1. Looking at region 574-587, which of its residues are crowded, with 17+ Cβ neighbours inside 10 Å and either free of Cβ contacts under 8 Å to residues at least 40 places away in the same chain or not in a helix (DSSP H, G or I) (or both)?
2. Would you tally the residues in region 749-774 being open to solvent by less than 30 Å² (accessible area, probe 1.4 Å), polar (S, T, N, Q) and modelled with pLDDT of 90 or more?
3. Name the helices (runs of 4 or more DSSP H) wholly within region 588-661 that hold at least 1 residues that are more than 21 Å from residue 696 (Cα to Cα) and open to solvent by 60 Å² or more (accessible area, probe 1.4 Å)?
4. Which pairs do you get when a residue that is in contact (Cβ under 8 Å) with a residue 40 or more places away in the chain and within 19 Å of residue 109 (Cα to Cα), found in region 69-81, comes within reach of a residue that is assigned to a helix (DSSP H, G or I) and of a type in the set (S, T, N, Q), reach meaning Cβ atoms under 6 angstrom, with the pair 6+ apart or on two chains?
5. From the list 498, 443, 447, 471, pick out the single residue that is open to solvent by 70 Å² or more (accessible area, probe 1.4 Å), of a type in the set (D, E, K, R) and under 22 Å from residue 396 (Cβ atoms).
6. Quick check on region 390-405. Is at least one of its residues open to solvent by 30 Å² or more (accessible area, probe 1.4 Å), touching a residue at least 60 places away in the same chain (Cβ under 8 Å) and under 23 Å from residue 365 (Cα atoms)?
7. Taking the condition out of contact with any Cys (no Cβ under 8 Å at 6 or more places or on another chain), more than 27 Å from residue 407 (Cα to Cα) and open to solvent by less than 10 Å² (accessible area, probe 1.4 Å), does residue 457 pass?
Amino acid sequence: MLLKRLNSLKLKLLIILAPGATLALMLAFSYTFVQAEKQFTSDLEAKKNNLKNYADIIAGPLWNFNTERVEKIANTMMLDPDLLLVEVLDEGGNIRLHKQSDYQGEGRSIELAFPIVYSNAHITQQAGTLKLQLGETSLNTEKDRFLNTAIISLLLIYLAMLFSVWLIFTYLLDSPIKKLMDAITNYHSAHKFNRIEHSSTDELGRITAAFNEMHERLESHHSQLEQSKVHLQNLYHSTPSLLFSFDKSGHIRDASNYFLEQMGYQREEVIGFNLCDLLFEPENKASILDTLQQLWTELHLTDQPLQIINGAGEKMEVLMDATLSANDAYPGALAVISDVTSLNQARKKLEHQANTDFLSGIANRYHFQKYLEQLITERQNSKTPFALMFIDLDHFKSVNDTFGHNTGDELICQATQRIQSILRPDDKIARLGGDEFAVIIHDISDDNEAENIATRIIATTQQSFYLQQSDIYISASIGIALYPGDNEQPTGLLQSADLAMYRAKDEGRSCFAFYTPQHNEVIQKRMRIENLLRHAIKNDALVLHYQPIIDLHSKKIVGMEALLRLQDGDELIPPDQFIPIAEESGLIISIGEWCLRQSCEQLVEWHQQLDPELYISINVSTRQFQSKTFMAVISQMLEDYHLTADKVLIEITESLLLHDNQHNMNVFKRLNHLGFRIAIDDFGTGYSALSYLMKFPINVLKIDRSFVHQIAADDDGQENSLIKAIIQMSQGMNLKVIAEGVETPGQLALLQNLSNDICVQGYLFAKPVCASEFTRNFTHISGSSECRSVNKICEETD
């Protein structure tokens, strides 16, 4: 109540400040006293620790009976005025030295005893005891002096503070505060701003200057807001993104000029229109309304696919991202759409390539296997029979050798057409690779139907093919397996048909054979290979060959791919015969670990002999990648061989990406964290989903040799668009590209025309060879790590 009655701010401040200052004085004194006690204790402990060090100093002289040295050390200690008594006792407790100060200080004293321990390279033993009597006179004197000084200082500060407050308000604050209050009152009453004149540069001067500037800022604020509005509108309309806004019902409220320009609309054609009116298929209106409801519930929308129509009436495939406005004054959603029409077309083309044989235009092995798996799954209950034919064109290799690969390719296309002409509309045909085809004959009632179709296929392939102005004759060997009698598993059924085809070849070719369980020869061969694999590491039957990888930009050997071979006596079994068996039997894990270690050990040796920048590319099977020991093995490998992870390129197949599980994702993340680079081998022959390239940390795409062979045979350049799209897509995603199977200068020239920023490997540069031969070849063709032969080949194709 007293404060309310006082009209003087100075008196109010003094009344409020006095108790607080008094309390602060008391607290400061209490704090000072506590600090003095702490300092006293700290100084006492420091003195104890310092005296303890003398026990170590005396140990040597005492052990060596150097009485004179001990005496000097004791005299030094007695220079401390608080040290009242020094006694040195030997190990038997006998007093060897006794010194007592002439001055006996007041107050209490402390008796201290420290063991004197002598230590050298041979022994550590107590040599005696150092006893001390420590007084506190100087410490107490220092503490009292500190407290007295602090009390006097605090009292003086207290008085000076009260007096200063009074002076500050009297001489410094009264007039400026009155001017400020008058200016504020005048502004509220007359809405007129009076500038306050105040020339000081202190806080009040700055407050006054800030008050004067406040009005100027308020006046300019509106102007700035208008300028910002114009700037944001210009930014909104000129940003190269398809921006627009709409309300909760989907009505478009605004659209950027770039949106209108790219979409081909006039502003009046879209403003006020509902988003549903832009849909290419109006029947999807209900779906887009549900999407809008989801947006207003979740506040944002990401990558919503839409098919809309532009001003020219053309369909556009877009992805829409939208978010609700945070400004209540402008309710609605701001959206941006990305035109993915070209991207989707490229993706569909890649997917078509992944499922279609590029040469014949029919299904490829991957698509056929998926189709067979789905067919058997659908017929698990009904067991409706069908026939699976495995067709191999006889003497096809001779045609290739005689007339060349181009003629062989044309022969494949014509043979495909002839086989298709025999089949029924519901039957399925696929090219498994090379001159091998697979056919599914649906819903057969007995073996005669399959036999009749096989006979007709053989007959049509026996007719001459007119190519290269010559009549070329081939035939076909066909193996037939029946579902469900011969096998109920996709792989087993295909294998049965394959075995039957080999039986047809054994019987003279140009005939068919049904699968019988007596195909033991093939089975025995498989078992023999499996037995070799089980003891391959122990018997040194595994061999690694290496093929160099060339950078077209630098024309240097930058790395090499490790390729596994299985040795059977003097014969090398190719990987396509033993790798599938190793994967099915589970031996691929131990074999893969052996490959990793051997490759890295060899890489370390080449770093010392050839080039420290070389990297090794190692194939890792799906089963090995998914094993629980894979990460432990590859991490230990880096530690054992002192390699950095960036010198190891892990090659995986596209099929591994289809196993989209958390374990695989964790392995990818850990490999990426360690610094390993990851490559997709034979890219384009599998699923090739673009979403997997963005989801997984892929670094390199290895273009399959079939693409390289294709572009080499592409004279008019029309089919080069696909491999060009792969290279451009990879470079846009910051992925490196390695083209496999470069065997001719023409293939290299075509690749150089597409891009010089890729790597290549193939027989044109070197065949895969053993480590010792690779070393000799590298040393022979390299100079300062730059391949002269590579330069020569590249220059010849330029």
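The values are calculated or read from the model by the stated rules, or taken from the named source; none is laboratory data. Here the structure is a predicted model, which is why all the values come from computation and not from measurement. So basically every Cβ, Gly included, is an ideal-geometry build from the backbone, and we count neighbours across all protein chains shown. Quick note on the areas: whole protein, heavy atoms, side chains included, nothing else; ligands and nucleic acids left out. Shrake-Rupley method; radii C 1.70, N 1.55, O 1.52, S 1.80 Å.
1. 587, the sole residue that qualifies.
2. Going through region 749-774 one residue at a time, the tally reaches 1.
3. 588-609, 630-641
4. Once the first residue is in contact (Cβ under 8 Å) with a residue 40 or more places away in the chain and within 19 Å of residue 109 (Cα to Cα) and sits in region 69-81, its partners that are assigned to a helix (DSSP H, G or I) and of a type in the set (S, T, N, Q) give 81/138.
5. On the way: 498 fails: open to solvent by 70 Å² or more (accessible area, probe 1.4 Å); 443 fails: under 22 Å from residue 396 (Cβ atoms); 447 fails: under 22 Å from residue 396 (Cβ atoms).
So the residue among 498, 443, 447, 471 that is open to solvent by 70 Å² or more (accessible area, probe 1.4 Å), of a type in the set (D, E, K, R) and under 22 Å from residue 396 (Cβ atoms) is 471.
6. So far as region 390-405 goes, yes, one or more of its residues are open to solvent by 30 Å² or more (accessible area, probe 1.4 Å), touching a residue at least 60 places away in the same chain (Cβ under 8 Å) and under 23 Å from residue 365 (Cα atoms).
7. no
A quick yes/no check of all residues on (1) modelled with pLDDT of 85 or more; (2) over 29 Å from residue 702 (Cα atoms); (3) surrounded by 14 or more Cβ atoms within 10 Å (Cβ to Cβ):
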position	(1), (2), (3)
508	no, yes, no
515	yes, yes, yes
520	no, yes, no
523	no, yes, no
533	yes, no, yes
542	yes, no, yes
556	yes, no, yes
559	yes, no, yes
